[in-house]
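Supplied in structure tokens, the structure appears directly below.
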Amino acid sequence: MDYAHLSRRDWMKLLGVSAGAGIGLGAGDVLADLRARANAPAGKPANGLHTPPCQWNGGQIIRPQSTIPAISETDVLVVGGGAAGCAAAIAAARAGAKVALVERYGYFGGLVTGGLVLKILSHRAANNQLVGRGLTEEMLQRLENMPNGLNRDYRTGEPELDAEVYKYLLVEMVSEAGIDVYLHSWALDAIMDGDTCRGAVFQTKMGPHAIIAKQTIDTTGDGDIFASAGCAHEIRAYWIGLVHRIGNLDKATPEPGAKKPRGLGDGTPIPGINWVNMSGPDGDGLDVKTLSRLEMNHRKQIWKQVQTLRNTPGYDKTYLVETAPQIGVRVTRVLKAAHTMTLADAESQVPFDDCIGIGGAWFGEHAPWAIPYRALVPEKIDNLLTAGRSTAAEPKMSELVRVIVPCWVTGQAAGCAAALAARLGTTARAVPYAELRKLLLEQKVYLG
Amino acid sequence: MRIRGYVRAGIFAGMVTLCLLGRRFPALAAWPAAASPFIGLAAAAGGCWAAGGVWLALAAPCLFWRRPICRFVCPAGACFDCMAKAGGRRFRLPRFPRFGLALAVATWLGCAAGAAGFLWLDPFVLFTSLFRGWGCGVPPLAAVFAALLALAWLVPGLWCRYACPLGGVQDALFLPRWFMTRPAATDEARRQVLRLGAALALGGIVFGFLRQRTRAAVRRLRPPGAADEAQFLSRCTRCGNCVQACPAGLLRPLAVPPLACGTPEVVFGAAGARPTRWCQAGCAVCAEVCPSGAIRPAGRRIGCCVVAFEHCRLYDDDECSVCARECPFDAITYVWSETAYRRMPVVDAARCNGCGRCLAACPVDPRTGLPLRVVAGGDA
């Protein structure tokens with residue numbers, strides 16, 4: 001064929017052959033893929049990690065047994081990228097461990113960012129003593145140097161942070177630490193080898209996969225991994241609310257002497273935007289029907305409340321900025337650990353010989369309290385730790401433990417302990433306290 | 001009689017030591033006042049044996065000896081006798097009945113029936129009150145003591161012989177008196193009966209009047225374990241032991257009105273300020289030091305907490321769970337209202353003691369108004 005002088009017919013032939021080849025290749029590809037899927041033995045995920053569907057077996061729904069592929073092997077696996085989880089992952093990475101951080105949403109911060117719990121509480125104690133140091137203080141200092149990071153000085157008060165600023169800060173810090181990140185991954189099960197936890201299995205869009213780890217930290221907040229692992233725990237039904245933010249409050253012109261309307265909330269670092277809390281009814285935060293009902297009811301109430309506010313003289317420009325993407329579940333599963341923290345111990349300032357952190361007061365009004373390592377360790381299961389709101393504490397004490405700063409403090413402690421255990425080859429329970437204390441002090445944690 | 005002088009001085013010194021030690025050791029604080037048989041009988045009638053019933057040891061000699069307490073033990077009497085010696089003026093004592101016993105009887109009837117009495121006129125109480133409660137202002141009984149000192153200087157023996165209820169009790173306990181017959185003219189006998197009648201009538205009028213006033217008394221916050229208000233007013237000796245002894249410093253003697261003057265009231269803190277102390281669960285020091293059983297280890301509570309919701313953080317949807325967490329009796333719960341779509345602290349009146357722990361714990365700025373306060377009575 002003379003390609004310099006092609007006739008129309010030659011052109012058509014050329015195009016036809018090229019198209020045919022392309023289609024053929026593509027079809028071949030698809031066919032090959034389909035054949036591979038069709039030929040995949042039952043239960044074995046084929047290329048692309050597609051899992052076989054569940055089977056209808058005369059009314060029973062059966063999931064075919066399959067081997068879950070492990071996509072990573074790591075030193076420390078942190079399940080849950082909220083306040084406690086991020087602190088744990090960053091601390092473990094800085095202690096020299098290879099860390100995998102897994103999170104169900106597409107961003108870090110959990111209830112702080114997604115739940116819009118913007119208030120930093122419990123970093124101060126009586127006599128204006130700053131007990132939240134280490135990662136806590138580092139995050140606060142970095143936040144205050146970012147535009148709209150904090151709205152007041154954390155050294156003398158309880159500031160609010162901005163959720164978007166903190167989301168970015170966590171991305172920055174997690175990247176700096178060289179952590180392997182798996183977002184959009186929902187924790188399914190623990191991997192158990194007898195009484196030892198070997199990692200966890202996650203559900204993704206591509207099907208389930210596993211991450212194998214020497215040490216696992218459950219910072220899901222709901223104790224999903226330690227419950228799956230068979231650790232003793234208790235499930236509490238507590239207040240479930242929904243936070244929202246409102247805007248244009250800097251354009252509000254309230255009548256002088258008028259009663260303050262409901263739902264004004266408190267300030268955030270962004271001028272004119274307030275966050276509004278909600279206590280909410282008691283509910284089981286693990287039950288999907290409860291959560292669904294409350295999401296609907298709370299949004300109805302928030303809408304109504306904002307409209308009422310807009311109809312109040314002077315507040316007509318107020319608008320609903322957002323309702324929190326994460327519903328305000330405060331506590332669900334709480335671990336039953338080797339030691340359960342009590343309010344009486346906290347008020348008597350009982351010291352612990354395995355203290356891994358110090359908690360403060362909500363409004364800086366009472367004395368600090370010590371956190372023992374034993375409250376993070378399950379009684380029987382090995383190589384699994386928890387941190388954050390699921391740390392072992394009686395219900396009254398959980399009120400002090402579940403707020404942001406103790407989550408950072410217990411998270412940092414769990415991360416350090418897990419990294420140390422992975423490095424030394426011990427179980428999490430048997431980490432030598434002297435070494436752990438040294439590591440925590442190196443990370444500038446305040447231990448009293 | 002020099003020996004009597006030395007014995008008297010020795011016992012006086014011992015009493016003073018006991019009063020001073022009572023400031024440091026609450027276990028001893030009740031002893032001086034409880035030693036008086038006048039107080040002791042009233043307390044025992046109510047089932048209280050403060051200081052192990054030491055008053056019995058003092059009452060025993062009275063059975064066969066004329067006024068041994070006045071002669072040897074009574075510290076107030078020792079002071080009055082010194083004043084009498086120092087005083088120059090002596091007036092003739094007019095003839096009127098000895099109504100000390102009438103006062104004692106009226107008081108005991110009052111203790112039984114719930115009308116204010118005269119336990120506070122006991123000379124032991126008057127003396128020990130000088131050592132108590134100074135931190136909260138001058139105890140009102142010090143004024144009474146000063147008045148009686150002046151009276152002793154002006155008219156020696158008037159109080160001791162005629163008015164003192166403890167003296168009257170000793171006279172009544174002196175057994176031979178009941179068996180002695182005096183050959184008296186019928187006129188004299190008639191006059192005695194008239195005098196006795198006048199004394200009883202006076203006692204009855206006072207008793208009735210005080211009972212009336214007791215009923216109308218304002219409900220005040222009393223120490224935990226206090227008897228009901230009427231009983232409390234009749235039993236309280238106003239000695240100030242409890243005010244002195246309370247480790248949280250919650251008790252103050254009332255200054256007015258006349259009826260309740262000197263009785264202890266619970267005051268949690270200055271108005272508009274957050275209290276810093278509260279009544280500790282398990283502490284019963286006020287009951288330990290009470291000589292007359294007006295305050296018992298187990299009894300009525302201080303009061304009940306009531307909520308002014310518009311000042312509470314939950315009213316503004318702010319996160320808070322402090323008062324329920326701190327309450328030692330688990331008396332507070334946060335109840336969700338579906339219509340109001342918020343939570344509200346609710347006090348269980350059956351559990352609340354009125355101890356004031358929640359008042360001290362509440363983080364609300366007191367200048368805007370505190371959401372919690374304790375009110376007298378059992379109803380929330």
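Quick one: grab the alpha carbon gyration tensor of chain A, order the square roots of its eigenvalues as a ≥ b ≥ c, and give me rounded if a/c is under 1.5, else prolate or oblate depending on whether a/b is larger than b/c.
Working: a/c = 1.95, a/b = 1.35, b/c = 1.45.
Verdict is oblate for chain A.
Going from most exposed to least, what order do A:291, B:250 have by accessible area with a 1.4 Å probe?
Numbers: A:291 35, B:250 10 Å².
Accessible-area ranking of A:291, B:250, largest first: A:291, B:250.
With everything on Cα atoms, drop me the angle between helix B:140-154 and the longest principal axis of chain B, reported from 0 to 90° to the nearest 10.
The angle comes out near 20 degrees.
Residues of segment B:335-369 with accessible area at least 50 Å² lower in the all-protein-chain context than alone (1.4 Å probe)?
B:336, B:341, B:343
Moving on to the next point. Are there residues in segment A:349-365 whose accessible area shrinks by at least 50 Å² when all protein chains are included rather than the chain by itself, and which are they (probe 1.4 Å, ligands and nucleic acids not counted)?
Those are A:362, A:363, which lose 50 Å² or more relative to the chain on its own.
What relative contact order, as a whole-number percentage, does segment A:355-441 give when Cα pairs under 8 Å and 6 or more residues apart are counted?
Working: 107 pairs, mean separation 23.9, N = 87.
Dividing the mean separation by the residue count of segment A:355-441 yields 27 percent.
Please say if segment B:22-75 is rounded, prolate or oblate, where rounded means a/c under 1.5 for a ≥ b ≥ c the square roots of the C-alpha gyration tensor eigenvalues, and otherwise the choice is prolate for a/b larger than b/c and oblate otherwise?
Values: a/c = 2.76, a/b = 1.41, b/c = 1.96.
Oblate shape, in that a/c is at least 1.5 and b/c is the bigger or equal ratio.
Just tell me which aspartates and glutamates come within less than 20 Å, Cα to Cα, of residue A:304; anything on the same chain fewer than 8 places away is out.
Counting by Cα, and skipping residues close in sequence, residue A:304 has these aspartates and glutamates nearby: A:266, A:295, A:316, A:322, B:316, B:317, B:318, B:338.
To the nearest 20 debye, what is the magnitude of the charge dipole of segment B:228-380 about its Cα centre, counting +1 on the Cβ of each Lys and Arg and -1 on the Cβ of each Asp and Glu?
On the way: 16 positive and 15 negative charges, 111 e Å.
Dipole magnitude for segment B:228-380 comes out near 540 debye.
Follow-up. Using the Cβ atoms and a cut-off under 15 Å, what net charge is assigned to the surroundings of residue B:127, where Lys and Arg are +1 and Asp and Glu are -1? Display every interim value, and only then the final one.
Details: positive: B:8, B:23, B:132, B:238; negative: B:81, B:122.
Once all neighbours under 15 Å are counted, the net charge is +2.
Let me ask something additional. Once you have a ≥ b ≥ c as the square roots of the Cα gyration tensor eigenvalues for chain B, tell me rounded if a/c is under 1.5, and otherwise prolate or oblate according to whether a/b is larger than b/c.
Details: a/c = 2.74, a/b = 2.23, b/c = 1.23.
Prolate, because a/c is 1.5 or more and a/b exceeds b/c.
Starting from 0.36 nm per residue, how many nanometres of slack lie between residue B:318 and residue B:195 once their C-alpha separation is accounted for? The partial results should precede the final answer.
On the way: separation 123, 0.36 × 123 = 44.28 nm, distance 7.24 nm.
My answer for the length gained is 37.0 nm.
Tilt of helix A:163-176 relative to the longest C-alpha principal axis of chain A, in degrees (0 to 90, nearest 10)?
70
Probe 1.4 Å, all protein chains in place: accessible area of residue A:5 in Å², nearest 10?
Around 140 Å² of this residue is reachable by solvent.
Report, in deg cm²/dmol and to the nearest 500, the calculated mean residue ellipticity at 222 nm for chain A, where each DSSP H run with n ≥ 4 adds -39500 (n - 2.57) and the sum is divided by the residue count.
Values: 10 runs with 140 residues, N = 448.
Only helices count here, giving -10000 deg cm²/dmol.
Right, something else. Over chain B, with a Gaussian network built from C-alpha contacts below 10 Å, which listed residue (B:295, B:69, B:205) shows the highest mean-square fluctuation?
Ranking B:295, B:69, B:205 by mean-square fluctuation puts B:205 first.
Whole number in Å², please: accessible area per residue of chain B, 1.4 Å probe, ligands, DNA and RNA not counted.
Working: 17940 Å² over 380 residues.
Counting only protein heavy atoms, the per-residue value for chain B is 47 Å².
Please determine, in degrees from 0 to 90 and to the nearest 10, the orientation of helix A:288-310 with respect to the longest principal axis defined by the Cα atoms of chain A, where the helix direction is its Cα long axis.
So the helix axis and the longest Cα principal axis differ by about 60 degrees.
Averaged over peptide B:318-330, how many Cβ atoms belonging to another chain are found within 10 Å of each residue's Cβ?
On the way: counts 6, 13, 5, 9, 6, 0, 2, 7, 4, 1, 0, 0, 1.
Mean inter-chain Cβ contacts per residue within 10 Å come to 4.
Pick out which of A:387, A:258, A:70 has the largest mean-square fluctuation in a Gaussian network model of chain A, springs linking Cα atoms closer than 10 Å.
A:258
So how compact is segment A:357-448: Cα radius of gyration and Dmax in angstrom?
Rg then Dmax for segment A:357-448, in Å: 13.1, 42.
Give me the accessible area per residue for segment A:69-227, probe 1.4 Å, as a whole number in Å².
Numbers: 5430 Å² over 159 residues.
Averaged over the residues of segment A:69-227, the accessible area is 34 Å².
Going by a 1.4 Å probe on protein heavy atoms, which residues of segment A:258-279 end up with at least 40 Å² less accessible surface in the whole assembly than in their chain alone?
With the partner chains in place, segment A:258-279 has these residues losing at least 40 Å²: A:262, A:277, A:279.
Go ahead and estimate [θ] at 222 nm for chain B from helices alone: -39,500 (n - 2.57) per DSSP H run with n ≥ 4, summed, over the residue count, rounded to 500. If you can, show how the numbers build up before the last one.
Numbers: 17 runs with 166 residues, N = 380.
The per-residue figure over chain B is -12500 deg cm²/dmol.
Can you send over the carbon and sulfur percentage of the accessible area for chain B, probe radius 1.4 Å, protein chains only? Don't skip to the end; give the middle numbers.
Working: 11460 of 17940 Å².
In chain B, the share of accessible area belonging to carbon and sulfur is 64 percent.
Residue separation times 0.36 nm, minus the C-alpha to C-alpha distance between residue A:9 and residue A:379: what's the value? The partial results should precede the final answer.
Details: separation 370, 0.36 × 370 = 133.20 nm, distance 8.15 nm.
Residue separation times 0.36 nm, minus the Cα-Cα distance, leaves 125.0 nm.
Continuing with this model, one more query. Between residue A:183 and residue A:145, 0.36 nm times their residue separation minus their Cα-Cα distance comes to what?
Value of the extension gain: 11.0 nm.
How much FRET efficiency would the formula 1/(1 + (r/R0)^6) give for residue A:234 and residue A:212, where r is the Cβ-Cβ distance and R0 is 30 Å, rounded to 0.05?
Details: r = 29 Å, r/R0 = 0.97.
FRET efficiency, residue A:234 to residue A:212: 0.55.
I want to verify a result. In a Gaussian network model of chain A, Cα cutoff 10 Å, which of these has the top mean-square fluctuation: A:163, A:126, A:21?
Highest fluctuation among the options: A:21.
Return the distance in nm (one decimal) between the two label points of a simple spin-label model at residue A:260 and residue A:155, each offset 7 Å from Cα along Cα→Cβ.
2.8
Taking all protein chains as present, what is the carbon and sulfur share of the accessible area of segment A:325-386, in % to the nearest whole number, probe 1.4 Å? Don't skip to the end; give the middle numbers.
Working: 1050 of 2000 Å².
Percent of accessible area from carbon and sulfur atoms in segment A:325-386: 52.
If you don't mind, there's one more thing I want to ask. Report the equivalent ellipsoid semi-axes for the protein assembly as shown in whole Å, largest first, defined as the square roots of five times the eigenvalues of the gyration tensor built from alpha carbon atoms.
Numbers: eigenvalues 1336, 156, 102 Å².
Ellipsoid half-lengths, sorted descending, are 82, 28, 23 Å.
Right, another one. Note down the relative contact order for chain A as a percent, whole number, built from C-alpha pairs under 8 angstrom at least six residues apart. List each step's numbers first, then the result.
Values: 1009 pairs, mean separation 93.6, N = 448.
RCO, chain A: 21 percent.
Shifting gears a bit: What's the buried accessible area, both sides, between A and B using a 1.4 Å probe, rounded to 100 Å²?
Interface area, both chains combined: 2100 Å², rounded to the nearest 100.
Okay, moving on. Based on Cβ point charges of +1 for Lys and Arg and -1 for Asp and Glu, what charge dipole magnitude is obtained for the protein assembly as shown about its Cα centre, in debye rounded to the nearest 20? Please report the intermediate quantities before stating the final value.
Values: 89 positive and 65 negative charges, 1073 e Å.
Rounded to the nearest 20 debye, it is 5160 debye.
What percent do you get for the relative contact order of chain B when only Cα pairs under 8 Å and 6+ apart count? Spell out each step's value before the answer.
Details: 717 pairs, mean separation 68.0, N = 380.
Relative contact order, chain B: 18 percent.
The values are calculated or read from the model by the stated rules, or taken from the named source; none is laboratory data. Quick caveat, the model's predicted, so the values are computed rather than measured. Counting neighbours? That spans all protein chains shown, and the Cβs are built from the backbone with ideal geometry, glycine included. The accessibility values were calculated without ligands, DNA or RNA, using every heavy atom of the protein model including side chains. Shrake-Rupley method; radii C 1.70, N 1.55, O 1.52, S 1.80 Å.
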